[in-house]
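Heads up: the structure comes next, in structure tokens.
The values are calculated or read from the model by the stated rules, or taken from the named source; none is laboratory data. Just so you know, these numbers come straight off a predicted model, no measurement behind them. Reconstructed Cβ throughout: ideal geometry from the backbone, glycine too, with neighbour counts over all protein chains shown. Ligands, DNA and RNA are excluded from the accessible area calculation, which covers all protein heavy atoms including side chains. Shrake-Rupley method; radii C 1.70, N 1.55, O 1.52, S 1.80 Å.
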Amino acid sequence: MQWHTERGVTQLGVTVVATGGNGGENLDGPEFLGRFDRTVRDAGAIIVGAGSSTTRERLGFSVHGSRVDLQGWGQNITTTGSNGNLQGGTDPANLDVRYTRSFGGTSGAGPIVTSAVVAVQSYLKATGQGVWSAARIADLLKETGTPQGGDVSQHIGPLPDLRAALRRIEVDAPSSAVALTQVPPRTGDRYGNPTVTLSADDGWGSGVDRIEYRHNGGPWRTYDGPFRVLRPGQHQISHRAVDRNGTVEQAKTVTFRNLGPPRSSSGD
């Protein structure tokens, strides 16, 4: 019944995250008659096992096998309720103020993965992208997650690394900046053979891959260090940054007049 429910909800476009269970079983075992073999049937849910909060090894009570996609902490979880060993104790009068530091099991691991799924879907929607299928999100979290520790033959998958996952799908453009400097410092609004220095930052994102610039409408070049503008007259420097996901910043342009005569045969 549960398999049919998961499959039906998944076919409606809902991402289902299911806890694997605490019986310690190998879901690839012959006693399961192939029920957890994806080539036989697959409801499309993301199945979660329980790993150590420090080593990411499978905890002995967690189910394991090829059908398990990802792991979450199965121990040392701080949350509301339970025995109230952080606050509230077990007194029924304190039911609404209990906090514990010892929640666990796959019941604790599942919400950790669910939170990662929600964060990914939320970012996709916030940036105008369509929500992803459960399979696509699972692949992302597997590819960017922290690998399982210990005996990996007892498979529970990696622990999601949300920062790495969001960086992989980031579409926010990086930001570049230009600085014009000279010695001696300029006076007024005109320059004398200034040095052009470009910089860029990508905030929390995937990181800056390169900065590109062009001079007076010429071809785009990859910036490899500061350069001087030596020719007198009006000049225009356009610049843009590209991040490691290939997202290109909208070009910015600075216009200035250079009064200094050429001092060498090199430079722009």
Discussion item. Mean Kyte-Doolittle hydropathy of -1.0 or higher plus an axial Cα length of 20 Å or more: which whole DSSP H helices in the chain meet both?
Written reply: 106-126
Worksheet item: Among R56, R231, R168, which one shows the biggest mean-square fluctuation in a GNM of the chain, springs joining Cα atoms closer than 10 Å?
Response: R231
Worksheet item: Of L59, I237, P30, whose Cα points farthest to the positive end of the dipole of the chain (charges on the beta-carbon: +1 Lys, Arg; -1 Asp, Glu; origin at the Cα centre)?
Response: I237
Worksheet item: Going by average Cβ neighbours within 10 Å, how do the peptides 174-182, 134-142, 30-38, 154-162 rank, with the highest at the top?
Response: 154-162, 134-142, 174-182, 30-38
Response to the item:
Rounded to a whole number, the Stokes-Einstein D of the chain in µm²/s (Kirkwood radius over Cα pairs; 20 °C; 1.002 mPa s) is 94
Response to the item:
Under a Gaussian network model of the chain whose springs join Cα atoms within less than 10 Å, the largest fluctuation of T80, T222, T90 belongs to T90
Practice prompt. Please give the calculated 222 nm ellipticity per residue for the chain, where each DSSP H segment of at least 4 residues contributes -39500 (n - 2.57) and the sum is spread over every residue; nearest 500 deg cm²/dmol?
Written response: -6000 deg cm²/dmol
Item to complete: Mind telling me which of T197, T55, T39 comes out most flexible in a GNM of the chain, alpha-carbon contacts under 10 Å?
Response: T39
Discussion item. Once R0 is set to 25 Å, what does the formula 1/(1 + (r/R0)^6) return for the Cβ-Cβ distance between R38 and Q129, expressed as a FRET efficiency to the nearest 0.05?
Written reply: 0.40
Discussion item. Can you give me the distance in nm between label points at T195 and R163, each placed 7 Å from the Cα along the Cα-to-Cβ direction?
Written reply: 3.3
Fill in: Mean separation of Cα contacts under 8 Å (6+ apart) over length of the chain, as relative contact order %
14
Practice prompt. Compute the whole-percent fraction of alpha carbon pairs in the range 1-158 spaced more than 27 Å apart.
Written response: 30
Discussion item. Counting heavy atoms of the protein chains only and a 1.4 Å probe, report the per residue accessible area for the chain as a whole number of Å².
Written reply: 53
Practice prompt. For the range 137-268, report the convex hull volume of the alpha-carbon atoms normalised per residue, in Å³, without decimals.
Written response: 148
